[in-house]
Amino acid sequence: MHPEIERIQATFEEEIASVKNSSDAQTIQVKYLGRKGPVQGLMRLLKDATTEERPAVGKAINDLKELVTAKIEACLATLVSEEQKEQLEREKIDITLPGRKRRLGRKHPITKALDRVIDILVGMGFSVQYGPDIETDYYNFEVLNFPKDHPARDMHDTFYISGDMLLRTHTSNVQARVMERESLPIRVIAPGKAYRNETISARSHLFFHQVEGFYVDKKVTFADLLATLDEFLNKLFGGEIKTRYRPSYFPFVEPGLEVDVSCLLCSGKGCPLCKHTGWLEIAGAGMIHPEVLKNVGIDPEEYSGYAWGMGLDRLVLIEKGIPDIRLFMENDLRFLKQFSGV
Ligand code: PHE
């Protein structure tokens, strides 16, 4: 065999023996079999050979080419299959491992109670509107017939922000806002948070949830208010409770009422929760004061209205037997998880 062919074969054998991965093998493949590679270069020998030598030289070159091709292919085949096996091994999934649990979120107990209240009242013809938590003195107090130095303002320990801005102390701030912009008749509920600067304890917090309701039309009467509240509270508590209305004072209603329901725990027999009175106070209510109607441009000679504001937190506290109102605000999952179901 021609010495040059032998030399090329020898270096090839050496190089292919030290190949470690398929990309090395591919490099060698290109290096030896490429158009400018040594095997192709051997064609030069054919030109220089005599006519007698030529067939033997040609065969030798061809043999080398076949050998190189076969060895590289064999090498590539084993390397690729090994590499695939390694990759499979690396990416192996243990299908016997337990799956990750997906936990469903759930609504906060207050939100659930609110949903129930809204459902009932929407069913009774009220539509839902929202007002701002950060409010002006005007909509929280002034328009509702609390003049600047009115003593009733003291009942609301107000968080002032700056100048005339404050955190609303009740959802009644939505009353005038809605009456100013909507055309009559108006039958609206306004759920939301209210804020008061009170000492936090098991029974009271800095913020709480209220549902305001009001109706303004021609000939709305005190009897309408009582009938509506009765109907609503009976639907909310499943007709198992009694209602009681006591005279009370709020500057924006006349007459004003406090609304009691028979104690949800003892059904009115008397227990520590209702302080042995048999009753729980759950809302303030009354006929909208003519001054308030005037303030928003409604003629009190022609129109009248009622309003109520109901607290939600204490209700849920009682219904669920929760001992401390602070639990509602702490977002402790151990507490919240107990309120699954709808
Ligand atoms: N806004 C009053 C409160 O928070 C409740 C109320 C609303 C009373 C509407 C009468 C009419 O105490």
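The values are calculated or read from the model by the stated rules, or taken from the named source; none is laboratory data. Only a predicted model underlies this, so the values are computations on that prediction, with no experimental measurement involved. Note that each Cβ is placed from the backbone with ideal geometry, even for glycine, and that neighbours are counted across all protein chains shown. For accessibility, only protein heavy atoms count, side chains too; no ligands or nucleic acids. Shrake-Rupley method; radii C 1.70, N 1.55, O 1.52, S 1.80 Å.
General observations
- Residue-normalised accessible area of the chain, given per residue in Å² at a 1.4 Å probe: 57 Å²
- Modelled spin labels at Ala77 and Val122, positioned 7 Å past Cα toward Cβ, are 7.1 nm from each other.
- Residues listed by number, the range 310-342, amide nitrogen under 19 Å from Cys271 label point at 7 Å toward C-beta: 313-325
- Relative to the longest principal axis of the Cα atoms of the chain, the long axis of helix 22-33 makes an angle of roughly 40 degrees.
- Solution diffusion estimate, µm²/s, Stokes-Einstein, the range 62-122, Kirkwood Rh from C-alpha pairs, 20 °C, viscosity 1.002 mPa s: 118 µm²/s
- Label zone (His108, point 7 Å along Cα-to-C-beta; backbone nitrogen cut-off 19 Å) within the range 280-322: 310-322.
- Extension reserve of the Lys36-Arg54 stretch, reckoned as 0.36 nm per residue once the Cα distance is removed: 4.3 nm
- Cross-link pairs exceeding 28 Å between alpha carbons, from the set Lys112/Lys218; Lys36/Lys59; Lys31/Lys59; Lys148/Lys320; Lys107/Lys275; Lys235/Lys294: Lys112/Lys218; Lys148/Lys320; Lys107/Lys275; Lys235/Lys294.
- Considering only Leu265, Leu226, Leu79, the Gaussian network model of the chain with Cα springs below 10 Å gives its largest mean-square fluctuation to Leu79.
- Backbone phi angles across the range 110-118, fed through the Karplus curve with coefficients 6.51, -1.76 and 1.60 (θ = phi - 60°), yield HN-Hα couplings of 5, 4, 5, 4, 4, 4, 5, 4, 5 Hz in residue order; Gly and Pro are listed as x.
- When a 1.4 Å probe is rolled over the protein heavy atoms, the share of accessible surface on the range 3-91 that falls to carbon and sulfur comes to 54 percent.
- Principal-axis tilt of helix 3-17 within the chain, Cα atoms, nearest 10 degrees: 30 degrees
- Per-residue [θ]222 nm for the chain (sum of -39500 (n - 2.57) over DSSP H runs n ≥ 4, rounded to 500): -12000 deg cm²/dmol
- With R₀ set to 51 Å, the beta-carbon distance separating Arg181 from Glu319 gives a calculated FRET efficiency near 0.90.
- FRET efficiency for Asn234 and Met165, using Cβ-Cβ distance with R0 set to 45 Å, rounded to 0.05: 0.70
- The GNM of the chain, with springs linking C-alpha atoms under 10 angstrom apart, assigns the highest mean-square fluctuation among Cys271, Cys75, Cys263 to Cys75.
- Stretching Ala202 away from Asp224 to a fully extended chain increases their span by 4.3 nm, per 0.36 nm per residue minus the current alpha-carbon distance.
- Considering only Phe141, Leu333, Val216, the residue lying farthest towards the positive end of the dipole of the range 109-339 is Leu333, judged by Cα position with unit charges set on Cβ.
- Computed magnitude of the charge dipole of the chain (debye, nearest 20; Cβ of K, R +1, Cβ of D, E -1): 800 debye
- Take the convex hull of the alpha carbons in the chain; its mean projected area over all directions comes to 34.5 nm².
- Taking Met329, Met43, Met124 in turn, the Gaussian network model of the chain (Cα-Cα springs below 10 Å) assigns the largest fluctuation to Met43.
- Length-normalised contact order of the range 3-91 in % [C-alpha pairs under 8 Å, at least 6 apart]: 36 percent
- Of the trypsin sites (Lys or Arg not before Pro) found in the range 201-290, the ones in coil according to DSSP and having at most 16 other Cβ atoms within 10 Å of their Cβ are Arg203, Lys218, Lys219, Lys242, Lys269, Lys275.
- Cysteines in the chain that, by Cβ-Cβ distance, have no pairing candidate under 4.7 Å: Cys75
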